[in-house]
Amino acid sequence: MRNKNNKHLGIEIDPQLHCKLYYIAKYEGRSGNGQILHLIRQCVRDFESQHGEIPCEKSEESK
């Protein structure tokens, strides 16, 4: 069941990049959405390891 507290992110992506993303996702045993979330988490983890934890206030999370 979908978590109503989660945020929705819509992006436009060219067909060739879309195809390649889904190819990699399938290869790694993830859905396309799961692959995107994996990449976002990896990006945040890398950023925070270099710059420290990113603060998120309650008001920012609920936007």
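Go through the stretch 1-20 and give me each residue that's of a type outside the set (A, V, I, L, M), assigned to a helix (DSSP H, G or I) and open to solvent by 90 Å² or more (accessible area, probe 1.4 Å).
PRO15, GLN16, LYS20
Scanning the stretch 21-48 for residues that are surrounded by 11 or more Cβ atoms within 10 Å (Cβ to Cβ) and either part of a loop (DSSP other than H, G, I, E, B) or among the charged types (D, E, K, R) (or both) yields a total of 4. Within this structure, GLY52 passes the test of being at pLDDT 90 or above and either polar (S, T, N, Q) or exposed (fewer than 10 other Cβ atoms within 10 Å of the Cβ) (or both).
The values are calculated or read from the model by the stated rules, or taken from the named source; none is laboratory data. Keep in mind that what you see is a predicted model, and the values were worked out from it rather than measured. When we count neighbours, we look across all protein chains shown, and the Cβ atoms used for this are built from the backbone with ideal geometry, even at glycine. Just so you know, the surface numbers come from the protein's heavy atoms only, side chains and all, with ligands and any DNA or RNA stripped out. Shrake-Rupley method; radii C 1.70, N 1.55, O 1.52, S 1.80 Å.
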